[in-house]
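The next block holds one structure in the form of structure tokens; read it before the comments.
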Amino acid sequence: MSVPSLSAEQEALFRLIEDTREHVFVTGRAGTGKSTLLQHLAWNTAKQIAVCAPTGVAALNVEGQTIHSLFRLPIGLIADGEIEQNDATRKILNAIDTLVIDEISMVNADLMDAIDRSLRQARGRRGEAFGGVQVVMFGDPYQLAPVPPRGDEQRYVNDHYRSFWFFDAHVWSGEDPGADGLLDLGRHGAELHVRELVEIHRQSDDGFKAMLNAVRYGRVTADIAGVLNRTGARVPPEDADEPIITLATRNDIVNRINARHLAALTGKEQTAVADITGDFGRGEANYPADAELKLKIGAQVMFLRNDTQAFPEPPRYVNGTIGTVTAISGDSVRVDVDGDEFDVEPVVWERYRYVYDPGSKKLNREIVAEFTQFPLRLAWAVTIHKSQGKTYDRAIIDLGSGAFAPGQTYVALSRLTSLEGLYLSRPLRPSDIRVDSDVRRFMMNVHRGSRTQ
């Protein structure tokens with residue numbers, strides 16, 4: 001497997017993680033290479049690591065396991081409830097040197113504390129944060145937020161936490177919730193070292209980078225808004241040489257756009273049905289691609305995986321590349337990308353779980369499920385959420401009735417490589433620029449030096 005080389009700042013951060021036992025939160029603006037560093041760490045560390053993420057799709061992307069599956073935690077608010085652990089789980093948790101959590105911004109404070117309690121309990125080190133395991137977290141709280149609690153869960157969170165974000169968990173503050181009486185949390189929280197990658201690899205224009213920064217921090221001036229709106233106030237060309245994708249806020253908008261364009265194409269619609277084996281979770285939300293992929297010749301599609309067949313030559317496509325279907329057969333789909341055509345075959349996504357090998361006394365991964373499908377998705381439109389991590393030269397940004405989540409507009413705009421690729425379905429409004437107040441408070445404290453940097 002080809003892993004990109006690290007920049008100087010990425011290499012320095014890798015060495016901090018590899019050469020110390022510090023708890024590290026790796027953050028940074030979109031396009032700074034957080035995923036590249038995580039991949040490098042997973043393939044090059046000498047430590048025994050377990051990689052996990054809060055959702056099934058996020059876990060697939062990092063070839064890891066979901067947090068709830070790895071720790072055998074119940075779904076929903078865990079609070080001071082008993083954490084049950086069988087012998088197999090305890091052995092796995094005892095074998096971990098470093099726990100890597102991707103998309104940490106989607107992990108809530110309650111789950112963060114449950115991870116801490118689980119490790120203390122399994123390892124018999126109840127007075128030490130995370131039972132002595134090094135925790136390394138990747139993510140950007142300016143982009144993704146945890147699912148907000150409701151009802152009684154919301155009331156519990158309000159009574160016990162400053163906010164629902166992972167950085168307000170008791171393990172960092174040292175506050176003892178005083179609920180179960182089992183764990184001696186002490187009065188000193190674990191020290192969190194925040195490292196922010198600053199070198200942007202996706203965009204090269206300093207002016208556009210500055211505009212994205214303003215959107216990220218909620219500091220958009222009238223001049224910046226004017227430039228974005230004037231640039232984006234264009235009608236996308238019908239006969240564009242390169243396909244243009246629409247980034248929309250809601251699934252129903254995306255599905256409607258894709259269905260309308262697919263129906264408008266002449267020719268026979270063909271359906272590729274995924275081959276799913278093992279326990280891959282229930283529902284489309286857990287699948288890395290469509291279980292039933294409907295295609296016609298002329299369909300605009302997006303790749304969902306990087307090209308590995310071209311190695312050591314440059315990849316013909318990467319995750320997020322847009323192309324057009326030119327032919328369909330039973331075992332391949334021919335796709336045109338920038339004038340070059342090539343056949344795309346089904347690929348396998350593997351779902352893993354960690355197991356403990358008593359012979360070697362090491363953690364191993366075993367495959368528990370496989371999902372085989374063409375690494376393609378209809379791409380006249382995609383949700384802003386699913387565009388996370390993708391890069392586009394051009395895109396139509398459709399915020400509809402308005403951005404409904406903090407960071408949503410920033411995620412959409414930051415997918416673009418340049419300002420010239422921006423098309424807006426309507427002008428940006430002040431209400432579209434939303435930044436969570438708790439994120440602003442935490443990151444301001446980081447920049448002031450109240451957290452280790």
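Apolar share of the accessible surface for the chain: 47 percent from carbon plus sulfur atoms, 1.4 Å probe. For the range 48-198, the square roots of the Cα gyration tensor eigenvalues, ordered a ≥ b ≥ c, give a/c below 1.5, which places it in the rounded category.
Taking all protein chains together, Lys386, Lys34 sort by accessible area into Lys386, Lys34, largest first [probe 1.4 Å].
How far, in nm, would the chain grow between Val273 and Glu292 when pulled straight, counting 0.36 nm per residue and subtracting the alpha carbon separation? Here the segment from Val273 to Glu292 would lengthen by 6.4 nm. Of the residues Thr249, Thr372, the one with the largest accessible area comes first in the ranking Thr372, Thr249, computed with a 1.4 Å probe on protein heavy atoms. With 21 Å as the limit, the listed pairs Lys34/Lys386; Lys91/Lys362; Lys34/Lys91 have Lys34/Lys91 beyond it between alpha carbons. Across all Cα atoms of the range 391-453, the radius of gyration (one decimal) and Dmax (whole number) stand at 14.7, 42 Å. Counting only residues at least eight positions apart within a chain, or on another chain, the aspartates and glutamates with an alpha carbon under 13 Å from that of Lys47 are Glu18, Asp19, Asp97. Note on His385: accessible area approximately 110 square angstrom, rounded to 10, probe 1.4 Å, nucleic acids and ligands left out.
Here the average projected area of the convex hull drawn through the C-alpha atoms of the range 294-442 stands at 14.2 nm².
About its Cα centre, the dipole of the range 314-453 is roughly 1020 debye, where the only charges are +1 on Lys and Arg Cβ and -1 on Asp and Glu Cβ.
Dipole magnitude for the chain: about 820 debye, using +1 per Lys or Arg Cβ and -1 per Asp or Glu Cβ, origin at the Cα centre.
Mind pulling the angle between the C-alpha long axis of helix 151-160 and the longest principal axis of the chain? Nearest 10 degrees, somewhere in 0 to 90. Around 50 degrees separate the two axes. For the range 66-135, a/c is less than 1.5, where a ≥ b ≥ c are the root eigenvalues of the C-alpha gyration tensor. That puts it in the rounded class. Placing unit charges on the Cβ atoms of the charged side chains and taking the dipole of the range 4-145 about its Cα centre, the candidate lying farthest along the positive direction among Leu70, Ser5, Phe25 is Leu70. For the range 39-99, with every protein chain kept in place, what is the accessible area per residue (1.4 Å probe, Å²)? Accessible area per residue: 42 Å².
The slack in the chain from Asp340 to Arg256, taken as 0.36 nm per residue of separation less the alpha-carbon distance, amounts to 27.3 nm.
The order of Leu70, Leu6 by accessible area, most exposed first and with a 1.4 Å probe, is Leu6, Leu70. Here Lys296 is the anchor, and the lysines within straight C-alpha reach of less than 21 Å, apart from those fewer than 8 places off in the same chain, are Lys268. Taking all protein chains as they are arranged and a probe of 1.4 Å, the heavy atoms of Lys47 leave approximately 40 Å² accessible to solvent. Among Gly189, Ala259, Thr324, whose Cα sits farthest toward the positive end of the charge dipole of the chain (+1 at Cβ of Lys/Arg, -1 at Cβ of Asp/Glu, about the Cα centre)? Value: Gly189. Taking the longest Cα principal axis of the chain as reference, the axis of helix 222-232 is set at about 50 degrees.
The values are calculated or read from the model by the stated rules, or taken from the named source; none is laboratory data. For clarity, every value in this text was computed on a predicted model and none was experimentally measured. A quick note on method: Cβ atoms are made from the backbone with ideal geometry, for glycine too, and the neighbour counts reach across all protein chains shown. For accessibility, only protein heavy atoms count, side chains too; no ligands or nucleic acids. Shrake-Rupley method; radii C 1.70, N 1.55, O 1.52, S 1.80 Å.
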